[in-house]
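Worksheet: one structure, shown below.
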Amino acid sequence: MTMWRCETSSVEETAALGRRIGESLVGNVVIALVGPLGAGKTHLVKGIATGNGLPDPAAVTSPTFVLVNEYEGRLRLRHLDLYRVRSSRELFALGFEEMRESGSAVVVEWADRFSDAMPVETLWITITPQVSEGGRRFEFRANDAKTDLILQAVAGR
């Protein structure tokens, strides 16, 4: 297991961190985002989608009510929000297993609600809002070789 921490002090820095993640994405991985409401999860996803080749980050919206959004880029990026999902059964009924095995990259907000359903190939990112306006702390955890390579690229190692 590899871990790394960093901080951003603005929405722009959070988006730049997301772009580095998006540029490093490979297929069949899950990016699990954990953090409270307003932590910056969707801002990070905007950066991930941009780094993956989506030309307009404004196209990225929170899928809280639709549950799943898809964005075309170098890889198909599936963006799930599990805040309103009530069970692992409901998650799998959305097609989660097929999404993560389709060559796509899958970003999951509120992934900690169903951590037992996340595959080994999951890069966990916990976001903690800081006292400073716009500041965020990001804690990354990679559990396998594929997500470790993404983390190494993002961390510049």
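Does the stretch 62-79 contain at least one residue that is under 20 Å from Thr122 (Cβ atoms), surrounded by fewer than 16 Cβ atoms within 10 Å (Cβ to Cβ) and β-branched (Val, Ile, Thr)? So far as the stretch 62-79 goes, yes, one or more of its residues are under 20 Å from Thr122 (Cβ atoms), surrounded by fewer than 16 Cβ atoms within 10 Å (Cβ to Cβ) and β-branched (Val, Ile, Thr).
Taken over the stretch 20-61, the criterion of being hydroxyl-bearing (Ser, Thr, Tyr) and either in contact with a Pro (Cβ under 6 Å, 6 or more places away or on another chain) or surrounded by fewer than 16 Cβ atoms within 10 Å (Cβ to Cβ) (or both) is satisfied by Thr50, Thr61.
What pairs come up if the first residue lies in the stretch 6-24 and is without any contact (Cβ under 8 Å) to a residue 40 or more places away in the chain and under 11 Å from Val45 (Cβ atoms), the second is of a type in the set (A, V, I, L, M, F, W, C) and part of a helix (DSSP H, G or I), and their beta carbons are under 7 Å apart, counting only those six or more places apart or on different chains? Pairs that qualify, where the first residue is without any contact (Cβ under 8 Å) to a residue 40 or more places away in the chain and under 11 Å from Val45 (Cβ atoms) and the partner is of a type in the set (A, V, I, L, M, F, W, C) and part of a helix (DSSP H, G or I), are Gly18/Leu44; Gly18/Val45; Gly18/Ile48. What pairs can you find where one residue is in the stretch 71-87 and at negative phi and of a type in the set (Ser, Thr, Tyr), the other is modelled with pLDDT of 90 or more and outside any strand (DSSP E or B), and their Cβ atoms are less than 7 Å apart, with a gap of 6+ or different chains? Cβ pairs passing all conditions: Tyr71/Ala49; Tyr71/Leu54; Tyr83/Trp110.
Would you tally the residues in the stretch 11-49 being hydroxyl-bearing (Ser, Thr, Tyr) and in contact with a helix residue (DSSP H, G or I) (Cβ under 9 Å, 6 or more places away or on another chain)?
Step one: filter the stretch 11-49 for residues hydroxyl-bearing (Ser, Thr, Tyr), giving 14, 24, 42.
In the following step, the residues that additionally are in contact with a helix residue (DSSP H, G or I) (Cβ under 9 Å, 6 or more places away or on another chain) were identified as 14, 24.
Count: 2.
Restricting to the stretch 1-15, name every residue that is in a helix (DSSP H, G or I), of a type in the set (A, V, I, L, M, F, W, C) and surrounded by fewer than 20 Cβ atoms within 10 Å (Cβ to Cβ).
Restricting attention to the stretch 1-15, the residues satisfying the condition of being in a helix (DSSP H, G or I) are 11-15.
Keeping just the survivors that are of a type in the set (A, V, I, L, M, F, W, C) gives 11, 15.
The one that is in a helix (DSSP H, G or I), of a type in the set (A, V, I, L, M, F, W, C) and surrounded by fewer than 20 Cβ atoms within 10 Å (Cβ to Cβ): Val11.
The values are calculated or read from the model by the stated rules, or taken from the named source; none is laboratory data. Because the structure is a prediction, the values reported are computed rather than measured. Neighbour counts are summed over all protein chains in view; Cβ atoms, including those assigned to glycine, are modelled from backbone coordinates with ideal geometry.
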